[in-house]
1. How would A:E485, A:E705 rank on accessible area, largest to smallest, probe 1.4 Å?
2. With each run of n ≥ 4 DSSP H residues scored as -39500 (n - 2.57), what mean residue ellipticity at 222 nm is computed for the protein assembly as shown after dividing by its residue count and rounding to the nearest 500 deg cm²/dmol?
3. Going by the alpha-carbon gyration tensor, a ≥ b ≥ c the square roots of its eigenvalues, is segment A:332-449 rounded (a/c under 1.5) or, if a/c is not under 1.5, prolate (a/b greater than b/c) versus oblate?
4. Report, in debye and to the nearest 20, how large the dipole of segment A:407-526 comes out about its Cα centre when Lys and Arg carry +1 and Asp and Glu carry -1 on their Cβ.
5. Excluding ligands, DNA and RNA, what is the solvent-accessible area per residue of the protein assembly as shown at a probe of 1.4 Å, expressed in Å²?
6. Net charge near B:S135: determine it from the other residues with C-beta under 11 Å of the C-beta of B:S135, scoring Lys and Arg +1 and Asp and Glu -1.
7. Among A:L664, A:F303, A:N555, which residue has its Cα furthest toward the positive end of the charge dipole of chain A, with +1 on Lys/Arg Cβ and -1 on Asp/Glu Cβ?
8. So who's got an amide H within less than 5 Å of the one on A:I456, skipping anything under 5 residues away but keeping other chains? H placed 1.01 Å off N, in plane.
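The values are calculated or read from the model by the stated rules, or taken from the named source; none is laboratory data. From a predicted model like this one, the values you see are computed outputs, not experimental measurements. Using ideal geometry, Cβ is built from the backbone for each residue, glycine included, and neighbour counts are taken over all protein chains shown. The accessibility values were calculated without ligands, DNA or RNA, using every heavy atom of the protein model including side chains. Shrake-Rupley method; radii C 1.70, N 1.55, O 1.52, S 1.80 Å.
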Amino acid sequence: MSAVKTRRDVLGTSSLRPDGNAKVKGDFAFTSDLHAENMLWGATLRSPHPHARIISIDTSAAWKIGGVECVITSEDVPGQLTYGLISSDQPVFARDVVRYMGEPVAAVAADHPETCRRALAAIKVEYEVLPVLSNAEDAIGDAFIPIHPDGNLIRQQRIVHGDTSVEGDVIVEGHYVIGMQDQAFLGTESAMALPDPDGQGVQVFVATQWLHEDQKQMAACLNLPAEKIRLVLGGVGGAFGAREDISLQVHTALLALRTSRPVKMQYGREESFFGHVHRHPATVWMRHHATKEGKIVKIEARFVFDGGAYASTSAAVLINGVTHTQGPYKCPAAVVDGYAVRTNNPPCGAMRGFGVVQACFAHEGQMDKLAAAVGTDPVSIRLLNAMETGDTLITGQPVESVAPVARLIRETNEIPLPAELPSDANELDLPGGSGITAERQHIKRGIGWGVSIKNIMYSEGFDDYSTAKCTLSDGKVTLKFATSEVGQGFVTLAPQIARSVLGVTDAVCDTIDTQIGSAGSTSASRQTWMSGGAVDGACRLVRERLFEHVGAKNNIDPIRFAIEDDEIVDTAGTFRMSVIEASQGLTISETFEHHHRKTEELDDNGQGNCHVAFAFVAHRAVVDVDPELGLVKVVQVATAQDVGQVLNPLSLLGQIEGGIAQGLGLAVMEEIIVQDGRVRNPSFTDYLLPTALDAPVVVARMIEEYEPQAPLGAKGVGEPPCISVTPAIVAAIRDAIGKDIPRCPVRPQDICL
Amino acid sequence: MSVLIPHSITDASEMLAQNPTATILNGGTDLMVEVNFNHRRPESVVLLRNIPELREWSSDSSKGTITIGAGLPYAHIEKGEIATLVPALAQAARTVGSPQIRAAGTIGGNLGTCSPAGDTLPVLSALEALVHLQSVDGSRTVPIAEFMVGPKRNSRQANEVITAVTLPITGQRQGYSKVGVRNAMVISVASACFAVVKGEPRFAMGSVGPTILRANEAESYLASHAADINNVTDEVAKEFGRIAASESRPIDDHRSTAAYRQHAIGVLATRLAQRGI
């Protein structure tokens, strides 16, 4: 009857970001752009030593500087002196000992950032320098005295699975090293705190990944009830895991409460390198046993994750690492030992890929070794072992998720290879780029593969639920949630969901704050699934009530109604009414909590259904290498990603391309260089991120196989793009030069010396 | 902090005479980084950006030279007429930072900072540039080799403005290469300029010593062993690279290792010796 209308901005369309134009034009207010009347600036004094005893702290000279309103140290923390995501082991301010370079010792509030700088310089801290525990292996066993009351071993986990007496016809072994990567978000840490007039509470605008977790930890340290700390999400310029831990939250709020004035803190780039956790550097040993055809029969492995000075999420990162030892391949038996340890290196925690990046770099290196050992190629060996739905992991957990591993490999393999380099190639297309270091004849091309499995959502029994409220009023929907928008696009997706479920056009997001239940963290590729599920659930509840209302008025059983485009239609009759008309004068509001299915902790043998669901991806990298100078240009990355259902193709492609750039960074340039606990390159001059000239052509296929467990059929897509692209690029470099390179990032000297 | 803004070189010289501790600012691509990192807190700054004379350039066909104002941004050097007259300088200018940095940064800044990683300095060294300085006491001209005296040290007096550099227009083969761990916008790990001047090979190396180094032995070797300087054999080019590398004096730091830098400079030498214009 009525022609099919193409509705804008529903699920499945490339709806544009509501904040996109503002961001491109520089109009978007990031947290660091906020300002309040009578505002003070806050700044942090940090330890210059990786390990030292604090003999004394003298703040008297700082207090005397004009414009300085407050100086605080550990003595001033009214509540719990420590905080932490899993174990509360990290001091708000160092008290007796500093355990890493850059650890906060004191903070000041003053009328101007320059006054703050002078005040910090005036604080006298006397240190007694202590020996530095910088080698992660030394943290296992008794080689070094405990550097923290909780000891040097943060967590150990063993996995023993299947018939471990099995030996392979073919055995391949490798030692792999993964460097310390930084999340390098562009908007550095920032918060602005506004104290309540009665001094009994505080409102804090903050760039974070998880408002409610910040609120909980702040409440404990500030000794205030959680509801007295009202958090509002400030504009966030990227996160990638680095905003999961507390950084300046407690400091800013405490300075505001002490001074009874608004206080803003904002880290500079150098300080940011010391102000958040990084990706764990790790060493991984793996030994794969296989049949002579190359079928894996057993994997032995040992992981050491350097957690740095404080626990952060190291315990969970470790579990992700060891439980992903096998990669996206069938494996009947395994013996794995994993350690997350404490050192005087910078604290490490969450970063996109969360432990799986390290495992994947090793297992993919192993797959290529296995292919070579049995005389086959990288594609065949992976197809031969490809995991399928219903397979059992080395934790004993069955893979219930859609697992189209073989299809991902085949589809990636079908993507045409890039053209050969022309004989007159422009220097910008060659390794070395604008430096004009090479000519065509110096270059060798290589191809490499990486395939990965990644758990999505939190694991080990954690109920990381999400909450959303949907309000329909006069045909307009307002959505309320505490889901951190860090750039991933949930503020685009949530209204798309409402438009699809409720047939409305006008759907907006309310302020993102703690005035509603938790949404969990924007991490673990979980918000589309969890907060998407919450928004979907809330919208469905509203739709039910709308149908009831319309049914009662028109004497139709509401069960017969459906939303078709922007109308309510009677599927068993002729009644139709637009949603706008049906909801005139009405306000319907419903809140929904989405919980994923329960998971379990692992037992002593690493057995248990610890993960919720899995997503898969395949990457093929083509690189050009200058073997003599050790320089690399990544030419093309082909990828097929298991996404469940595509909800926003443009947004998804953004995740794929961005993740690939980040994984490329770890493959060939991004590394925080730490020597004896000291960070040597805390700047974007020396911590190199890929530029447009380093970014490859990305050819992506989104593989849609509806995920029945997921509320919208869609899997999280944020982490997978950055995981297996790193080993794919390194494998391509190995292929080009015919040399084993066991580490990433690959440095020029690793190639040519 | 005071900021003085002269509009002529004469004004600038007088301001510097009156403020002998003043810091000179032009494009700000070095100084502002230092200020932002709190490595320097200048009390007094003389800004040279509004002096038109410093942004001029001219060539003298009778002498076969080009004189480039110290305040001319790299963006004007990396392409256009200057690039055809001194291609190696244009190649070096292109490697400096991002387009934004190249719109601000200048050769005067490279000379003033005098870092061993200064991108254009190997070109100035290989072409034996003359550096022009001016103060209230008059003007003087210093050969580049005498200007660069050590790591981040030069022979400019506190009251002098670097006004220009003069380079030969050789009409012969010259080229520049820079190794960094990223394909653009990167500080050099090793850089080099090869040029043929009056038929003689010149080779200067950056980031592999306390200041820019000339590979004198390698140059002599090539001069005596290359039958045709524009058609160097593989064997001779290799040996040239080996000798040049042996003349480098690099260090280990967080950007690279001494071993890699030495190796890389040898490769660059070999390749540049054989590279076309």
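1. Descending order: A:E705, A:E485.
2. -8000 deg cm²/dmol
3. Oblate, because a/c is 1.5 or more while a/b does not exceed b/c.
4. 300
5. 37
6. With Lys, Arg at +1 and Asp, Glu at -1, the net is -1.
7. Comparing the listed Cα positions along the dipole, A:N555 ranks first.
8. Placed amide hydrogens put A:V612, A:A613, A:F614, A:A615 under 5 Å from A:I456.
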